[in-house]
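The values are calculated or read from the model by the stated rules, or taken from the named source; none is laboratory data. Everything numeric in this text was worked out from a predicted model, so none of it was measured. Using ideal geometry, Cβ is built from the backbone for each residue, glycine included, and neighbour counts are taken over all protein chains shown.
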Amino acid sequence: MFDNLSQQLDRAVKNLKGEGRISEINVATTVKEIRKALLNADVNFKVAKEITNDIKEEALGQKVLTAVSPGQLFIKIVSDKLTELMGSTVVPFNPTGNPAVVLISGLQGSGKTTFTGKLGLKMKKAGKQVLLVAGDVYRPAAIDQLETLGEQTGVEVYTERENKNPVEIAQNAIEYAKKNGKSLVIVDTAGRLAVDEQMMKEIEAVKAAVKPSETLFVVDSMTGQDAVNTAKTFNERLDFDGVVLTKLDGDTRGGAALSIRRVVEKPIKFISTGEKLENTLDEFHPDRMAQRILGMGDVVSLVERAQQAYDEEEAKRLNKKLRKNQFDFNDLLSQIQHIKKMGDIKDLIAMVPGMGKMLKDTEIDENAFKPVEAIISSMTPEERTKPEIMSTSRKQRIAKGSGTSIQQVNNLIKQFEEMRKTMKKINRMSGGVPGMKGGK
Ligand code: GDP
């Protein structure tokens, strides 16, 4: 996420790192570099100018520094200013009503339907009885897409394939929700490729009829300043409550994320970071985003992702097996599945402070786990729990079954044995340390 911007900002403040104190000259150079970095990231021109002026003023206003170096102080100032630019505080998504109604708007291709599915899943996990409504009456494929998302997430989808009136569909869906004990109705709407009067009128009518407690505007962050302009137009007509930025996992430059709040004066509420449905939708935290942009990672979000992916019982069970040295291939497979549930690997790596920068030139293969999963899936239950029985003929069979080579199978078994050895050592070491045994 925002790799180029991060690198350029890093370079900009590097000049200051060797300096003993902040002076007018070195601040001017650094600020100029920062402005360039922001403009390259497609940040709105006025916004870039405003924020760099703020940074300059703040930096020059600093008294003689004792505890921190100018470089560190500057990063702190930039981080604070970026946070402020993106809205400072979290504005929670908080739909109210019985049922609560949420209206989703945005252009076609922005990721509206995918977001509707993800939000449905997130809210279902939060204990809501969710109903998704297919309100795109022009594209049957959009209805199919929402239905598929509903099947994948176990969330009910309301459709009226023959009805071409989105206002009626939405109203009927709410009636249906009331009768069927639903607490949250999320209405997906039709999008066009560009802003278009008929589309605007239609969504205005849907809004007036269903009176949503939250109207969200979904925008593709890859489209940079276009995203900001579209948001402005939609907001003038719809007066929406919050923005959803999608596709932040791609090589987005960052302009939309950094400018939208200041230009449109509406909070960003969610960010979407992948095509997967689970754990790729996060509440937007301006401070965490600023830290990520500055290459400082985002450990808080990483821990939250882990908490979402693991349940406590599973963690206890695993801990017990580890302590008894019974960790087997089934456990490895389940671990891989949990890691995958935490989201896109690239996205996770960027959350570890310094890691994104360290691996910036490394190709990270999202499919790296595939052969491992295939190999384990080709093992018999006995082989999975007793890796020591693995003979050459068994390995050959597994390689064939998993479409891998015998060498890959050997490697995995070797790595697995190494893993077990390390765990044994850790167990022995922690055996005498009270408190490290845990997880009874
Ligand atoms: P809609 O026309 O606005 O409903 O857009 P869709 O939900 O159909 O999304 C358009 C495309 O973008 C699809 O291929 C989605 O899989 C993809 N997409 C949606 N959200 C994300 C995201 O956060 N990251 C990535 N990489 N792709 C996304």
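Where helices (runs of 4 or more DSSP H) sit wholly within the range 100-199, those with at least 1 residues that are outside the structural domain of Lys341 (by TED's automatic domain parsing) and either within 11 Å of the ligand (Cβ to nearest atom) or under 23 Å from the mean Cα position of the chain (by Cα) (or both) occupy 112-125, 140-153.
The condition of being of a type in the set (A, V, I, L, M), in contact with a Phe, Trp or Tyr (Cβ under 9 Å, 6 or more places away or on another chain) and at pLDDT below 85 holds for Ile339.
Residue pairs whose Cβ atoms lie under 9 Å apart, separated by 6 or more positions or on different chains, with the first residue in the range 102-114 and among the acidic types (Asp, Glu) and the second assigned to a helix (DSSP H, G or I), do not occur. Of all the listed residues (Lys395, Lys360, Lys400, Lys414), the sole one being in contact with an Asp or Glu (Cβ under 7 Å, 6 or more places away or on another chain) and either modelled with pLDDT of 85 or more or outside any helix (DSSP H, G or I) (or both) is Lys360.
In the range 364-397, what residues are over 29 Å from Ala350 (Cβ atoms) and charged (D, E, K, R)?
The first filter runs over the range 364-397 and keeps only residues over 29 Å from Ala350 (Cβ atoms), leaving 377-397.
Scanning the range 364-397 gives Glu382, Glu383, Arg384, Lys386, Glu388, Arg394, Lys395, Arg397.
For the range 96-130, a residue qualifies if it is surrounded by fewer than 20 Cβ atoms within 10 Å (Cβ to Cβ) and either among the polar types (S, T, N, Q) or within 13 Å of Lys269 (Cβ to Cβ) (or both), and the qualifying residues are Thr96, Asn98, Gln108, Gln129. As a summary of the residue check, Arg253 satisfies the conditions (1) at pLDDT 85 or above; (2) in contact with a helix residue (DSSP H, G or I) (Cβ under 7 Å, 6 or more places away or on another chain) except for the one numbered (1).
For Val91, all conditions in the list (1) away from the ligand (no atom under 13 Å from the Cβ); (2) in a helix (DSSP H, G or I); (3) in contact (Cβ under 8 Å) with a residue 60 or more places away in the chain hold save one; what is the number of the exception? Val91 satisfies all of (1) away from the ligand (no atom under 13 Å from the Cβ); (2) in a helix (DSSP H, G or I); (3) in contact (Cβ under 8 Å) with a residue 60 or more places away in the chain except (2). Residues that are without any contact (Cβ under 8 Å) to a residue 24 or more places away in the chain and within 20 Å of Thr96 (Cα to Cα) were ranked within the range 160-184; the one that is surrounded by the most Cβ atoms within 10 Å (Cβ to Cβ) is Asn172. Considered as a group, the residues in the range 200-223 that are over 23 Å from Phe93 (Cβ atoms) and of a type in the set (D, E, K, R) include one that is farthest from the ligand (Cβ to nearest atom), and that residue is Lys201. Among the residues of the range 76-91, the ones that are closer than 14 Å to Glu57 by Cα and in contact with a Leu (Cβ under 7 Å, 6 or more places away or on another chain) come to 1 in all.
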